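Enquirer: I'd like to ask some things about the structure below.
Each value in this text was obtained by applying a stated rule to the coordinates, not by laboratory testing. Quick caveat, the model's predicted, so the values are computed rather than measured. All Cβ positions, glycine included, derive from the backbone under ideal geometry; neighbour counts span all protein chains shown.
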């Protein structure tokens, strides 16, 4: 019995220590906020599906069509991105075919430094937008992408486009560094990142991201028709 006594004492001490540790742990958990819940609420949204606030982007957005249209196509594009230039005529065709049934929104998402002139092109489109000619500049940039893509200095080229669409060129040049222009590009990029956009073109149909394969004209028509059919029910 005397030999067993030290072991009994040790076991009792260990039991008391474990019990105290358990009590302190439970007390700490009950009196502290949930770290897991806080982390989830602050995690940025993206393709992981984590809950978060989606950024609104530049307001008002550059759009064609009625705000209440049953279908909204929101494109995140880069004017120097070749696939974006290939998508451009297809979206123009959709605009022609569907008219007021589809609203088109364009968001700036220049891929820098991958595309050397992407930011300059985005600034040119936004500066044109300050004079009410965003879409005219947008179209010229995509239609002529192959001509300016390899240029060392795109400024005179873009100034030529400004002249072509009837802008006040001196104001256009001043506005290229305008804080409104910079702010719109930044806010569109922030929205894109909050939605999980990583490349261009990325297109959302009524808030649902379309796969790259779905952007082929016939498949895009099918996606739009299915959404219109749902809206008609």
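Enquirer: Distance from the Cα centre of region 110-183 to that of region 63-106, in angstrom?
Expert: Centre-to-centre (Cα) distance: 19 Å.
Enquirer: For residue 193 and residue 101, compute 0.36 nm times the residue count separating them, minus their Cα-Cα distance, and round to one decimal in nm.
Expert: Extra length from residue 193 to residue 101 when fully extended: 30.3 nm.
Enquirer: How would you order 207-215, 76-84 from highest to lowest mean count of nearby Cβ atoms within 10 Å?
Expert: Highest mean packing first, the order is 76-84, 207-215.
Enquirer: I would also like to ask the following. By per-residue mean of other Cβ atoms within 10 Å, what is the highest-first order of 124-131, 163-170?
Expert: Top of the packing list down: 124-131, 163-170.
Enquirer: In nm, to one decimal, how far is the residue 153 label point from the residue 219 one, both placed 7 Å along Cα→Cβ?
Expert: If labels sit at residue 153 and residue 219, their model points lie 4.3 nm apart.
Enquirer: While we're here: Rank by packing, highest mean first: peptides 222-232, 139-149, with packing defined as the count of other Cβ atoms within 10 Å averaged across residues.
Expert: Result, highest mean first: 139-149, 222-232.
Enquirer: A follow-up question, please. According to a simple spin-label model (label point 7 Å from Cα along Cα-to-Cβ), what is the distance in nm between residue 112 and residue 170?
Expert: Output for this residue pair reads 2.7 nm.
Enquirer: Can you tell me the mean projection area, over all orientations, of the convex hull of region 62-232's alpha carbons? Units nm², please. Each step should come with its number before you reach the end.
Expert: On the way: hull surface 38.6 nm².
About 9.6 nm², averaged over all directions.
Enquirer: Normalised radius of gyration for region 120-161, please: alpha carbon Rg relative to 2.2 N^0.38 Å, two decimal places.
Expert: In units of the globular-protein estimate, region 120-161 measures up at 1.05.
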